[in-house]
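Since every read-out is calculated from the coordinates, none of them should be taken as a lab result. On a predicted model such as this, the values are computed, not experimentally measured, just so you know. Here the Cβ positions follow ideal geometry from the backbone for every residue, glycine too, while neighbour counts run over all protein chains shown.
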Amino acid sequence: MEESSTWDFEFLSRIVDSFVSFLSEFVDDWLANDMRVSIFKILFSWLVFSLIAIHFAWKVYGNTVNDMYYRQGTGQNGGTPDAAPHLSGWDNAEGETKTHRD
């Protein structure tokens, strides 16, 4: 049981060390005046700005968009009817309902 505990601690320690080293390299690159870092900053800022704009737009217009796709009622501009009124479905000219065998 003690070996398992040691292994878990060693595994967790390696993960934390890897994460810390990644963060330190990332911070060093972030502070460098490099062209790829500048491009990354621009693209990252654009992504964050776009996500924030989408979030606020959805807060403002979300209900309107939702209502456009999920209308209540029947008929034109009020939802989709179950069947068109001018079609009789499976009824034939004599008024009898057709079966699957016909």
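Observations, loosely collected:
- Taking label points 7 Å from Cα along the Cα-to-Cβ direction, V48 and D34 give a separation of 2.0 nm.
- Sequentially through the stretch 8-14, phi angles give Karplus couplings (6.51, -1.76, 1.60; θ = phi - 60°) of 4, 5, 5, 4, 5, 5, 5 Hz, Gly and Pro residues having no value and appearing as x.
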